[in-house]
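The values are calculated or read from the model by the stated rules, or taken from the named source; none is laboratory data. These numbers come from a predicted model, not from an experiment. Cβ placement follows ideal geometry from the backbone for every residue including glycine, while neighbour counts extend to all protein chains displayed. In case anyone asks, the SASA skips ligands and DNA or RNA and just uses the protein heavy atoms, side chains included. Shrake-Rupley method; radii C 1.70, N 1.55, O 1.52, S 1.80 Å.
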Amino acid sequence: MPIVTFIDHDGTPHRIDAPNKRSLMQIAVDNGVTGILGDCGGSCSCATCHGYIDTAWAPRLPAISETEAFMLEGVPEPRDTSRLCCQLRMSPELDGIVVHLPAEQV
Ligand code: FES
């Protein structure tokens, strides 16, 4: 099974089995990763699933939709690598992806 690693803002890694087609937000919530809240259930309307995607995976990610870009404008510390984890679905291409979690989202 593919793997995703979430890294807390304090550097603690969470290496998790990641079923294909499941969103990174849902995978984090299913496994008790506290740095991802997912308050809206994945409908791209809360931005509590914000993560910084390790740059090595950037070329393999789907494009950011207008709605996701709009929501990312409201997160406390946006970066070029910011994405909403509910908008990213696990796939074989993303096996091993690393997501750094923002400090304010705990
Ligand atoms: S879970 Fe709400 S925007 Fe991702």
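Numbers at a glance
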item	result
Debye intensity ratio I(q)/I(0), log10, the stretch 49-106, q values 0.12, 0.14, 0.16, 0.31 Å⁻¹ (C-alpha model)	-0.26, -0.35, -0.46, -1.54
Selected from Ile53, Ser91, Cys40, residue furthest toward positive end of dipole (the chain; charges at beta carbon)	Ser91
Computed [θ] at 222 nm, helices only, for the chain once each DSSP H run of length n ≥ 4 contributes -39500 (n - 2.57)	-3500 deg cm²/dmol
All-pairs alpha carbon distance profile, the stretch 3-105, 5 Å steps from 0, percent	2, 14, 28, 29, 20, 7, 0
Whole-Hz ³J(HN,Hα) from phi, Karplus 6.51 cos²θ - 1.76 cosθ + 1.60, for the stretch 12-21, glycine and proline x	6, x, 10, 9, 9, 5, 10, x, 4, 6
Length-normalised contact order for the chain - Cα pairs under 8 Å, 6+ apart - percent	41
Accessible carbon and sulfur surface of the chain relative to its total accessible area, %, 1.4 Å	50
Probe 1.4 Å, accessible area per residue of the chain, Å²	52
Rounded to whole Hz, the Karplus (6.51, -1.76, 1.60) HN-Hα couplings of the stretch 95-101, x for glycine and proline	4, x, 4, 10, 10, 8, 9
The stretch 86-105 versus the stretch 1-46: alpha-carbon centroid distance in Å	7
Counted charge near Ile7, where neighbours are those whose Cβ lies closer than 13 Å (Asp, Glu -1; Lys, Arg +1)	-2
